[in-house]
Amino acid sequence: MASSQASYSSLWFSRFAHSSPPPAAGRFYNAQTSNKSRDAVVDEIIKLAAETVGNSYYSAIESGFNDRKTDLKTRISFKYSASRGVFGTPTFYINGFAVPDSGSAIDYKQWRSFIDPLLLAQSRKRDNLPHLSL
């Protein structure tokens, strides 16, 4: 049960971290949290997350803050992002390359304009492979 709870928390954190923040997220910047304890801030984040994804996930989100595996995954993700020059959200990469002008949300049409040429090139490579007939 603990691993499934951690994965729910990871899912929420990755959604929250890589999308436009909800208006309530403004209450978690430095000035708003500097006089609060870590526990008080965590409680507020858990409540916001539960309101966002549904109160039935409250315990899963809460356990994510105390789960070592989730903590390590989050730290690795953060360090990897920092090593790639990510300094804000949203930031998108395709095959290790930054998507140009990805400082804001990208719609379906824009994603297709990035991905379709890559899929076409990959398809052509496969077509040029020698075929063995049995």
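The numbers here are math on the coordinates, done by the rules we state, and not lab data. The model shown is predicted, which means the values in this text are computed figures rather than measured ones. Counting neighbours? That spans all protein chains shown, and the Cβs are built from the backbone with ideal geometry, glycine included.
Measure off 7 Å from each Cα along the Cα-to-Cβ vector at residue 66 and residue 114, then give the distance between these two points in nanometres to one decimal.
Label-label distance for residue 66 and residue 114, simple model: 3.8 nm.
Subtract the Cα-Cα distance of residue 58 and residue 83 from 0.36 nm times their separation in residues, and report this length gain in nm to one decimal. Let's see the in-between values first.
Values: separation 25, 0.36 × 25 = 9.00 nm, distance 3.22 nm.
Taking 0.36 nm per residue and subtracting the Cα distance, the gain is 5.8 nm.
If we sort 88-99, 45-56, 27-38 on the protection proxy, mean other Cβ atoms within 10 Å, highest first, what's the order?
On the way: 88-99: 12.3, 45-56: 15.4, 27-38: 10.1.
Sorting 88-99, 45-56, 27-38 by mean packing, highest first, produces 45-56, 88-99, 27-38.
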